[in-house]
Amino acid sequence: MGCTTILVGRKASYDGSTIIARNEDSANGEFNPKRFVVIRPQDQPRRYHSMISGLTIDLPDDPLQYTAAPNADPSEGVWGEAGVNEANVAMSATETLTTNERVLGADPLVERVPAHGVEGEDGYEPGVPGGIGEEDFLTIVLPYVRTAREGVRRLGSLLERYGTYEMNGVAFSDVHEIWWMETVGGHHWIARRVPDESYVTMPNQLGIDEFDLDDALGEQEQHMCSADLAGFIADHHLDLAVESTTPFDPRDAFGSHSDSDHVYNTPRAWFMQRFLNPYDEMWDGEEADHRPSSDDIPWARQPERKITIEDVKYVLSSHYQGTPYDPYGRLGTDATRRMLRPIGINRQSELAVIQIRPYRPQSCRTVQWMAFGSNPFNALVAFYANVDSTPEYLAATTTRVTTESLYWENRVIAALCDAHFADTANAVERYQELMGGLSHRLLAATDDQVARLGGTEEYEAADRARKDDEDEDVDPLAPEDVVAATRDAGVREVLRSANQTMADQLRENTDALLNDVLYTVSMDMRNGFNRSDR
């Protein structure tokens, strides 16, 4: 399943927030309707059953409330994908990764084995459950962690116990840190803290390109891993470094460098970094430092300027604008325009951009920006995460095609615009800019409303402490106290009302875009005739 991730450290973002973002793309030939919902503690399962692997897991009895973006069709499993819990910890799961035969031989994936024969008859062999995977991760991890590091450790322990049937990358964030975690074979994993001053690009490949095993197996300041990873690497000859002094490179050891990567994966990292660091190196031509097929594009990089929410939306909507590879462009040839897999692809399910803002109180600190459908044709819209319910326009998606649902309305708009890209581009751009501006204005107005309710002392104290020492992770509340600070019923009602206002404006403007696009496309139908014959 293809996805694209970008992670933005707090000193690389425009406002000091940690930002994690990922496109959820469905498998080839599939389209998965999505919802944006809140899972309350009473609705969280205490015994979880995975549809894909057949595995049943008992869960703790003290879950936190959290947001999620699950499938509209529950028969295929939950697929919660992206959310934030009451402790203001965010999770994005997962980015499907590639690996190689050496890893799969050393630690095979834990796949479900179906039953053989008929129970009660001779020769019957019962089925064996598989491991955990993307369908499960958010549901069995996010409600039980109070920091990003705790998220890594909980998922790591589950992987070591149950294994996984696929290679995956998972992001965790809180107001201080972002951690990126990658599975290695069936039971092993690595995780690295995203440098505060950097951003990370992930295009469906195992990405971490430098890893400190001593730190991961010791102090764990910037790295974590499964406990036996060093022996696993040595026993199976996975370290490919020529010199012993070279830092360990997980991308070489655990990842892939196939021909298909150069069309499907690496070009996406190339374009994102080309946009965010246009002057650091040469990106085009025979003398380019990195090309779409380069295997050494950095995992983490310091941007040339601070990164905004709009930058994140732009790169995750990309179709290689301004290059010979743009399927909607005029550069290059017919062959080059269809050569590379776009970031903004037709089978996008949803985009979640989770922004945790250090300058706001815990009660309204986290914003989950959401978009449904194909990113070149949708708008990214802000919603507060600390609410008890989400607007029906986003929450009530079903498998039935209807413009009463944001997911389906965006799908229809994208299908109409694709064949008439030039004729509809202005209308789409106006819609995207309008919704972005409305989002920022509504956030500012609602933040002010929350401040007038009082109870902002804890965030003001944190702000003063950060100004005293910007390099310190300072927060006046311990993780266990954050939840209490987010459970102000009055604030939650203000945020719920703001979300509903945002959804109402989103629906009105999405309806208007559909109207404009439908008119433009209808006027260009082949059976049209310009004589006034009504």
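The values are calculated or read from the model by the stated rules, or taken from the named source; none is laboratory data. Since we're looking at a predicted model, the values are computed, not measured. Glycine gets a Cβ as well: all are built from the backbone with ideal geometry, and neighbour counts include every protein chain shown.
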Being touching a Phe, Trp or Tyr at 6+ places or on another chain (Cβ under 9 Å), crowded, with 21+ Cβ neighbours inside 10 Å and either assigned to a strand (DSSP E or B) or not polar (S, T, N, Q) (or both) is the filter here, so list the residues in the range 12-34 that pass it. A12, S13, I19, I20, A21, E24, P33, K34
Out of V401, V367, V387, V412, report the one residue that is among the β-branched types (V, I, T), in contact (Cβ under 8 Å) with a residue 60 or more places away in the chain and over 21 Å from V38 (Cβ atoms). V412
Determine, yes or no, whether G185 is farther than 30 Å from S363 by Cβ, touching a helix residue (DSSP H, G or I) at 6+ places or on another chain (Cβ under 7 Å), of a type outside the set (D, E) and in contact (Cβ under 8 Å) with a residue 60 or more places away in the chain. yes
Answer from R112, R149 - the residue that is in contact with a Lys or Arg (Cβ under 9 Å, 6 or more places away or on another chain) and either touching a residue at least 12 places away in the same chain (Cβ under 8 Å) or closer than 22 Å to C3 by Cα (or both): R149
Scan the range 43-81 for residues that are in a loop (DSSP other than H, G, I, E, B) and closer than 21 Å to N499 by Cα and report the count. 7
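Yes or no, residue by residue, for (1) within 30 Å of D239 (Cβ to Cβ); (2) surrounded by fewer than 19 Cβ atoms within 10 Å (Cβ to Cβ); (3) free of Cβ contacts under 8 Å to residues at least 24 places away in the same chain:
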{"position": "D259", "(1), (2), (3)": "yes, yes, yes"}
{"position": "H262", "(1), (2), (3)": "yes, yes, no"}
{"position": "T266", "(1), (2), (3)": "yes, no, no"}
{"position": "L276", "(1), (2), (3)": "no, no, no"}
{"position": "Y325", "(1), (2), (3)": "no, no, no"}
Among the residues of the range 260-280, count how many are under 20 Å from N100 (Cα atoms) and aromatic (F, W, Y). 1
Tell me which helices (runs of 4 or more DSSP H) are completely within the range 394-512 and hold 2 or more residues being β-branched (V, I, T), within 30 Å of L64 (Cβ to Cβ) and modelled with pLDDT of 95 or more, or say none if there are none. 421-452
Just checking, how many residues over the range 145-182 are under 19 Å from N88 (Cα atoms), not in a strand (DSSP E or B) and not small (G, A, S)? 13
The range 37-55 residues that are at negative phi, paired with ones that are of a type in the set (K, R) (beta carbon under 7 Å, 6 or more apart): S53/R112
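So that you can scan it fast, the table gives a plain yes or no per residue for (1) surrounded by fewer than 21 Cβ atoms within 10 Å (Cβ to Cβ); (2) more than 18 Å from the chain's Cα centre (by Cα); (3) under 26 Å from R337 (Cβ atoms); (4) not acidic (D, E):
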{"site": "M282", "(1), (2), (3), (4)": "yes, yes, yes, yes"}
{"site": "R301", "(1), (2), (3), (4)": "yes, yes, no, yes"}
{"site": "R305", "(1), (2), (3), (4)": "yes, yes, no, yes"}
{"site": "V315", "(1), (2), (3), (4)": "no, no, yes, yes"}
Out of L206, L142, which single residue is in contact (Cβ under 8 Å) with a residue 12 or more places away in the chain and not in a loop (DSSP other than H, G, I, E, B)? L142
It is to be established whether one or more residues within the range 376-385 are among the aromatic types (F, W, Y) and within 19 Å of Q500 (Cβ to Cβ). yes
In the range 23-62, how many residues are hydrophobic (A, V, I, L, M, F, W, C) and touching a Ser or Thr at 6+ places or on another chain (Cβ under 7 Å)? 3
Of all residues in the range 281-301, which are touching a strand residue (DSSP E or B) at 6+ places or on another chain (Cβ under 8 Å) and of a type outside the set (G, A, S)? I297, W299, R301
Mind checking whether some residue in the range 411-418 is under 30 Å from Y264 (Cβ atoms) and out of contact with any helix residue (DSSP H, G or I) (no Cβ under 8 Å at 6 or more places or on another chain)? yes
Among helices (runs of 4 or more DSSP H) entirely within the range 251-340, at least 3 residues that are among the aromatic types (F, W, Y) occur in 266-276
When you look at S226, is it touching a residue at least 12 places away in the same chain (Cβ under 8 Å), crowded, with 24+ Cβ neighbours inside 10 Å and among the hydroxyl-bearing types (S, T, Y), yes or no? no
Of D252, D296, the only residue that is modelled with pLDDT of 95 or more, surrounded by 15 or more Cβ atoms within 10 Å (Cβ to Cβ) and acidic (D, E) is D252
Unmet requirement for S75, which otherwise passes all of (1) surrounded by fewer than 21 Cβ atoms within 10 Å (Cβ to Cβ); (2) hydroxyl-bearing (S, T, Y); (3) touching a strand residue (DSSP E or B) at 6+ places or on another chain (Cβ under 7 Å); (4) farther than 19 Å from T201 by Cβ: (3)
Total residues in the range 386-402, condition closer than 22 Å to V367 by Cβ and touching a helix residue (DSSP H, G or I) at 6+ places or on another chain (Cβ under 7 Å): 9
Per the filter on the range 348-377, residues assigned to a strand (DSSP E or B) and among the hydrophobic types (A, V, I, L, M, F, W, C) are L351, A352, V353, I354, I356, V367, W369, M370, A371, F372
Hits in the range 82-110 - residues which are in a helix (DSSP H, G or I) and surrounded by fewer than 22 Cβ atoms within 10 Å (Cβ to Cβ): E101, R102, L104, G105, A106
